[in-house]
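Step one of this worksheet: look at the structure below.
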Amino acid sequence: MTIIGWLQAVLTFGLVLACVRPLGVYMFRVFNGQRVFLTPLVAPVEGALYKICRITPEREMGWRTYVLAMFGFSLVGFVYLYLLLRNQAWLPLNPQHFGNFAPDLAWNTAISFLTNTNWQFYSGESSMSYLSQMIGLAWHNFVSAAVGIALSVAFMRGIVRTDRKTLGNFWVDMTRSIFYVLLPISIVGALLLLWQGVPQNFSSYVDVKGIEGVTQTLTGGPMASQEIIKELGTNGGGFVGANSIAPNENPTPLSNLFEMVCIFLIAGALTYTFGRFAKDQRQGWALFIAMSLVFVAGFAAIYGAESGGNPLVQHLGVSGPNMEGKDTRFGIAATSLFATMTTDTSCGAVNGQHDSFTPLGGLIPLLNIQLGEIIFGGVGSGFYGMILFVVLTVFIAGLMVGRTPEYLGKKIERREVQLAILAILVVPLFSLVPTAIAAVSKDGLATLSNNGSHGFSEILYAFSSSTGNNGSAFGGLGPNTFYNIATGTAMFFGRFAIIVPMIALAGALAGKRAVPVTAGTFTTTSPVFVVLLLSVIVIVGLLTFLPADALGPIVEHLQMVKGQEF
Amino acid sequence: MSTLITSPTKEKLAGGPAAEPAGPSAKGESILSHVVTSIIYTVVSVAILGVIYPLLITALGSLLFPFQAGGSMVMQNGKPVGSAIIGQLFSKPQYFQGRPSAAGKNGYDPTSTGGTNLAPTSKKLIDATKATIDGLKKANPDAQGAPPMDLVTSSGSGIDPDISPEGAYYQAPRIAKARHVALDAVRSLIAAHVRGRTFGILGEPRANVLELNLALDAQK
């Protein structure tokens, strides 16, 4: 580890921090229907859209209606992308004449982008037409992120509202997410990426003869416009197979910095938006600080492990850190930082191959995902994931002092705790059970690229990433029908089986009478609360996942230290 | 501990009907209406986000950054010889060589990007690394010390355009010999093309292999 390496982390985080307040306030105003500087530009488009789509923006929805609207939209989005991928060969903008996707792969990919996971069992540069990338994947990048933001905002309203049972209007929240937040930042960001070298064209691939006479096929495509929303919407599905490691997706250290900031940007700012909704900014900062502490710990662990390098390689007489699967321009620090941030959130873009990380370096991304990507979260999803743990924390604190737990003046009662526990159980259920099945089935073992405990890590990572809707991978794991269907199922439940209880929880909280604050109220802004919250996260996470992780990365670490090869 | 619901302020709702549809028939209706809305919304938003937005970026890109938008093509004697941002395969002794690549069959295939995805404990990885080290030592008999780490490990993208400055200096004696030039000339050429960290902080120092090789050819 070096000071310069840490400075990169400080600079990246500092930029995010600088944006938290202005963007947080901006989003609060947008979702509260107040005027912002883009209103004159966007309001006409917004109004026209509502008119065409027969949306009554004033109509507020209860939690059931909100979820139904979200489901209806998701269903249409799924069918649309599935059909697009199954028929891309006959559609225009396919200069390389890529064929149609097979049913199981199309199913997997459609769910993957629908759920904001962006797990990729295909390589874009050798299978996805420009049209599919643009109107299929990039479109899903926008709307799946917008749905996540909308759900978060609805959830915030549920927590703080005392005067009504409704959570807002799904269509309005989604539309505002897209047109006031995601699209404007994407337009500016795409140009920044273009400036740094990310291509944006519709050319066919070109064969170029190099100076040694070797021919190389250079790819193209509308990459910049897609790359920016991939990070900003914490989607993570790369235009090309190597994702943000590939120099055409991420050409320079500066583009890398910018992509990392975008990953944290909206999720970090949402904590401030939450503070505004709660009319108590300290509530937002308490969550932000708790999240930041886990982020720093994660970065330190990965950076330390990767700097230490691979002793098995070092025994061959070379010295240095673990550069396998990393690109030169990023090096160890920037790759460790990216890996931390992409799994703290549900992004899943990568700028280094997690599969080739040292065992402990690979353990942290895995753990981050298993904890539910609550450190800033996905665009939206991390926020409500964190609130789950908050509910659990105040519940446990309430048990300790023998008082009905409260959060923001709302009594947390049986139904709320039940819903929170239900949602918390989804991640272990859909990541551990399929892992166990895969580890003992022929199909599950057929496509591993590594033997020994690392092979198990590949399976565990795949299902954790799918259920967590992250999408990063121990990329050696290859696709087959079993994995296409199994990870697709995990992605589906990982999104919707958490969203439904979460929004139900918000619905239960909305309209609850506020309990006045007394001397006996457990404050949720104190350092004690932050520590307790972190303890709950670590205890729940570790108790649930440590046994499985011990069989994978932890065993592999011990084997590596002993000099064992597989 | 029943859930208390207060609804005296319902009239505060910003107009519109009651939020939750009451009867089952109303619910059935709303599912259908949600799907209809969803279909129209999908069509309209695909047109804006999937078509207009990328076309706008393409137009702005070709206006403001035509070189980058087109893939940063590099020319030699008026002919394209590669992309400034994409690494390519070099194997002749008189050229700088990039890092091991797992992209495609022979490496450096932009239509098949990616790394080895081998575990740190993989026998395959250790054997391959050993072979790479031996090969480098054989090809660079006059080089000082062991080969630097980046030259013996595969990149993550498989099309890494850069090597570390150490990786470039390691190859300098071989190149000087193959080109019959002074070692110092090659070393100063490297020094002229090493890029430092951005703002002194971001990323790692590096040298673009294609750029180095074009500079070598330009020297003659």
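Summary table below
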| item | result |
| --- | --- |
| Of the DSSP H helices in chain A, those whose Cα atoms cover at least 15 Å axially and whose Kyte score averages 1.0 or more | A:3-31, A:63-86, A:139-160, A:183-196, A:253-277, A:359-370, A:381-401, A:414-439, A:481-509, A:527-549 |
| Ratio Rg/Rh, restricted to chain B and using Cα atoms, in which Rh is the Kirkwood radius | 1.29 |
| Cα centroid separation - segment A:129-150 against segment B:165-187, whole Å | 49 |
| Radius ratio Rg over Rh of segment A:34-90, counting only Cα atoms, Kirkwood formula for Rh | 1.13 |
| Straight-distance crosslink candidates among aspartates and glutamates, where the alpha carbon sits under 15 Å from B:Lys92 and sequence neighbours closer than 8 are dropped | A:Glu212, B:Asp217 |
| Mean separation of Cα contacts under 8 Å, 6 or more apart, over the residue count of chain A: relative contact order % | 19 |
| Highest-fluctuation residue, B:Gly114, B:Gly156, B:Gly200 considered, GNM on chain B with Cα pairs under 10 Å | B:Gly200 |
| Pair A:Ala18, A:Phe493: separation of 7 Å Cα→Cβ label points (nm) | 4.5 |
| Cα-based Rg and Dmax for the protein assembly as shown, where Dmax is the largest Cα-Cα distance (Å) | 26.4, 92 |
| Inter-centroid distance (Cα atoms) of segment A:1-41 relative to segment B:73-133, Å | 38 |
| Environment charge of A:Leu193, counting only residues whose C-beta is closer than 10 Å and scoring Lys/Arg +1, Asp/Glu -1 | -4 |
| Degrees separating the helix B:209-219 axis from the principal Cα axis of chain B, which is the longest one | 40 |
| Computed FRET value (nearest 0.05) for A:Ala89 with B:Lys124, which takes r as the C-beta separation and R₀ as 25 Å | 0.10 |
| For B:161-174, mean number of other protein chain Cβ atoms within 10 Å | 1 |
| Table column - 3J(HN,Hα) (Hz), segment B:110-127, Karplus curve with 6.51, -1.76, 1.60, x for Gly and Pro | x, 8, 8, 5, x, x, 6, 6, 8, 6, x, 9, 6, 5, 4, 5, 5, 4 |
| Cβ-derived FRET efficiency at R0 25 Å, B:Phe67 paired with B:Ala218, nearest 0.05 | 0.80 |
| Cα-based reach from A:Lys165 at 19 Å (exclusive), listing lysines while leaving out same-chain residues under 8 positions away | A:Lys279, A:Lys410, A:Lys411, A:Lys512, B:Lys10, B:Lys12, B:Lys27 |
| Volume per residue that the Cα convex hull of segment A:413-452 spans, once the total is divided by residue count, Å³ | 77 |
| Two-decimal ratio, segment A:337-413, of alpha-carbon radius of gyration to 2.2 N^0.38 Å | 1.42 |
| Cβ-derived FRET efficiency at R0 60 Å, A:Ala48 paired with A:Ser441, nearest 0.05 | 0.70 |
| Label point 7 Å beyond Cα of A:Ile485 along Cβ direction - residues of segment A:424-467 with amide nitrogen under 14 Å | A:438, A:442-444 |
| Lys pairs under 17 Å by Cα in segment B:97-218, provided they are eight or more residues apart or on distinct chains | 4 |
| Sum of side-chain charges, A:Cys347 neighbourhood, beta-carbon under 10 Å (Lys, Arg +1; Asp, Glu -1) | -3 |
| Rounded percent of accessible protein surface that carbon and sulfur make up, chain A, 1.4 Å probe | 68 |
| Dipole magnitude of segment B:81-130, debye to nearest 20 (Cβ charges: Lys/Arg +1, Asp/Glu -1, about Cα centre) | 160 |
| Ellipsoid equivalent to segment A:265-406 - semi-axes via the Cα gyration tensor, in Å | 36, 16, 11 |
| Pairwise centroid distance, computed over Cα atoms, of segment A:494-520 with segment A:413-458, Å | 27 |
| Solvent exposure of segment B:97-218 as accessible area per residue, Å², 1.4 Å probe | 39 |
| B versus A: buried accessible surface, summed, Å² (probe 1.4 Å, to nearest 100) | 9700 |
| Local electrostatic count, A:Glu125, Cβ distance below 14 Å [Lys/Arg +1, Asp/Glu -1] | -3 |
| Cα-derived Rg over Rh, computed across segment A:195-263 with Rh taken as Kirkwood radius | 1.03 |
| Calculated diffusion of segment B:97-218, Stokes-Einstein form, Kirkwood radius summed over Cα pairs, 10 °C and 1.306 mPa s, µm²/s | 104 |
| Angle in degrees between helix B:165-179 and the longest Cα principal axis of chain B, rounded to the nearest 10 | 40 |
| On Cα atoms only, tilt of B:53-64 relative to the major axis of chain B in degrees | 40 |
| Contour minus Cα-Cα distance for A:Lys562 and A:Ile421 (0.36 nm per residue) | 46.7 nm |
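The values are calculated or read from the model by the stated rules, or taken from the named source; none is laboratory data. Just so you know, these numbers come straight off a predicted model, no measurement behind them. Methodologically, a virtual Cβ is constructed for each residue, glycine included, from the backbone with ideal geometry; neighbour enumeration extends over all protein chains shown. The protein model used for the area step is the full one, side chains on, heavy atoms only, and it has no ligands, DNA or RNA in it. Shrake-Rupley method; radii C 1.70, N 1.55, O 1.52, S 1.80 Å.
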